[in-house]
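The values are calculated or read from the model by the stated rules, or taken from the named source; none is laboratory data. The model shown is predicted, which means the values in this text are computed figures rather than measured ones. FYI the Cβ positions are ideal-geometry reconstructions off the backbone, even for glycines, and counts take in every protein chain you see.
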Amino acid sequence: MEGFGVNWKSSVHPVLLCIVFALSAECYGQVASNTVDYGVNPLPFSRAGSAGWQFLKLPTDARSAGMGDMKSAVGFGNANSAFNNPASTADVKDMDVQFTSMTWVADIKYSSVSFVKNLGQWGSIGVSGMYVNYGDMIRTEVAEGFGPSGNSLGIVPITEGLGTFTAHDLALGLVYSRRVTDFLQVGGTVRYCEEQLDDAKMKTWSIDVGTMYWTGIGSLRISMLGKNFGPDGQFLSYGGRIAQSPANVRLPMEFIMGAAYDVLESSKDGQHRLTVAAEYVKPNDGPDKYHVGAEYFAFSNVYLRGGYRFGYDEATYSFGLGMEYSVANEVVIKFDYAYSNVGRFQAVHELTFGFGF
């Protein structure tokens, strides 16, 4: 170190050396080679369960679900892009309307509708809405219970004679997108979100921002997408049945990067096309996730799809099919179906119907 004008031996204070050796000895003592591992170790850190509003992460349409819940780089003029990547709504030629219905796990009913209109040089605008109905649930109260002979059972959950209650989720969105250049599309969605459990209601708003970039390397396109950015929500009313107000509930924010490529595309009227896609998902409430999917378009009106999801506790593979039919070359009627395997929850079926002009 003399070449740098520093005398190494004289620059190290003895007290500093003592501290370094003491810390080294402490660290060695904690991981000594003769330590017996009894199998009791701390669990790895996880953010699971740290955000609410989970209905915002449900697969919003059968096409996306059939391709492994792909959201970012596979839009083709479909109004359901308002739920996925808002930049892809710029691909709508004139107008497009989509309706989706799904029975999620535990008989939870999910429905959505989306509409997008292309305004030419002014871009594309649209509206969307999703509704989740959790059905009737048995009302329960925790209070002192009594047996048949009148003896006290202590503080127990009571359900008899209390009836039922319901719960629902609602999201209403306004989307705008524009083709900035021949290669770049941008878009955003502003969404009102609401959750209600019996008489307890919570509201907030969220923003999705997406991009789609066509690289010019064949059909390769890449996308970046930020979803569900917004303030925390808090239940506004709860009938005074609890001692204090619930804590704020965070939105399930996600950052998604994706890419797609048409590995097979016929030059004759586009009658055959095979698209492969992959995306990386970084959520704020759990481990990183990965989606891969493929779609084969044949005979100008048939779609076959498949995909796989990595990093989920239960959800794994999915597949689906779709059909479209042109009426007088002006109206295109579309139908999509998806089957998703969700492990111990068995299977989820999703249907989407729509038409475009």
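Of all residues in the range 197-220, those satisfying the criterion of being under 26 Å from VAL113 (Cβ atoms) and either of a type in the set (Ser, Thr, Tyr) or buried (at least 18 other Cβ atoms within 10 Å of the Cβ) (or both) are MET202, THR204, SER206, ASP208, GLY210, THR211, MET212. I want to confirm something. Restricting to the range 298-321 and keeping residues that are closer than 18 Å to ALA338 by Cα and of a type in the set (D, E, K, R), which single residue is surrounded by the fewest Cβ atoms within 10 Å (Cβ to Cβ)? Step by step, filter the range 298-321, then rank; the result is GLU314.
A residue that is in contact (Cβ under 8 Å) with a residue 24 or more places away in the chain, farther than 20 Å from PHE319 by Cα, of a type in the set (Lys, Arg) and in a loop (DSSP other than H, G, I, E, B) occurs somewhere in the range 80-94.
Looking at THR159, THR140, THR181, which one is free of Cβ contacts under 8 Å to residues at least 60 places away in the same chain, within 27 Å of SER223 (Cβ to Cβ), surrounded by fewer than 16 Cβ atoms within 10 Å (Cβ to Cβ) and hydroxyl-bearing (Ser, Thr, Tyr)? Matching residue, one of THR159, THR140, THR181: THR181.
Screening GLU324, GLU295 for residues that are crowded, with 17+ Cβ neighbours inside 10 Å and without any contact (Cβ under 8 Å) to a residue 60 or more places away in the chain leaves exactly one candidate, GLU324.
Considering (1) within 17 Å of the chain's Cα centre (by Cα); (2) of a type outside the set (Lys, Arg); (3) on the phi > 0 side of the Ramachandran plot, the lone condition that ASP107 does not fulfil carries the number (1). For SER101, work out the one condition from (1) without any contact (Cβ under 8 Å) to a residue 60 or more places away in the chain; (2) part of a strand (DSSP E or B); (3) surrounded by fewer than 16 Cβ atoms within 10 Å (Cβ to Cβ); (4) among the small types (Gly, Ala, Ser) it doesn't fulfil. The single condition SER101 does not satisfy is (1). If you check GLY66, GLY39, GLY5 for being modelled with pLDDT of 60 or more and surrounded by fewer than 21 Cβ atoms within 10 Å (Cβ to Cβ), only one passes: GLY39. What tally of residues in the range 288-314 results from selecting those that are out of contact with any Lys or Arg (no Cβ under 8 Å at 6 or more places or on another chain) and not in a strand (DSSP E or B)? Qualifying residue count for the region: 4. Being modelled with pLDDT of 95 or more and in contact with a Leu (Cβ under 7 Å, 6 or more places away or on another chain) is a property that ALA167 lacks.
Looking at this structure, is GLY129 touching a helix residue (DSSP H, G or I) at 6+ places or on another chain (Cβ under 8 Å), among the small types (Gly, Ala, Ser) and part of a strand (DSSP E or B)? Considered against the rule, which asks whether it is touching a helix residue (DSSP H, G or I) at 6+ places or on another chain (Cβ under 8 Å), among the small types (Gly, Ala, Ser) and part of a strand (DSSP E or B), GLY129 comes out as no. Each residue in the range 236-261 was checked for being surrounded by fewer than 18 Cβ atoms within 10 Å (Cβ to Cβ), over 14 Å from SER223 (Cβ atoms) and either at pLDDT 95 or above or not small (Gly, Ala, Ser) (or both), and 8 of them qualify.
I'd like to check something: does the range 324-337 contain any residue that is in a strand (DSSP E or B), touching a His at 6+ places or on another chain (Cβ under 6 Å) and among the basic types (Lys, Arg)?
Initially, the range 324-337 is screened for residues in a strand (DSSP E or B), giving 324-327, 331-337.
Now restrict to residues that are touching a His at 6+ places or on another chain (Cβ under 6 Å): none.
Checked against the condition, which is being in a strand (DSSP E or B), touching a His at 6+ places or on another chain (Cβ under 6 Å) and among the basic types (Lys, Arg), the range 324-337 yields no hits at all.
Of all residues in the range 292-300, one or more are at pLDDT below 95, among the small types (Gly, Ala, Ser), in contact with a strand residue (DSSP E or B) (Cβ under 6 Å, 6 or more places away or on another chain) and closer than 26 Å to GLY216 by Cα. Remark: GLY147 falls outside the filter, which requires a residue to be among the small types (Gly, Ala, Ser), loosely packed, with under 15 Cβ neighbours inside 10 Å and on the phi > 0 side of the Ramachandran plot. No other residue among PHE353, PHE345, PHE310, PHE357 is closer than 20 Å to LYS57 by Cα and in contact (Cβ under 8 Å) with a residue 60 or more places away in the chain apart from PHE345.
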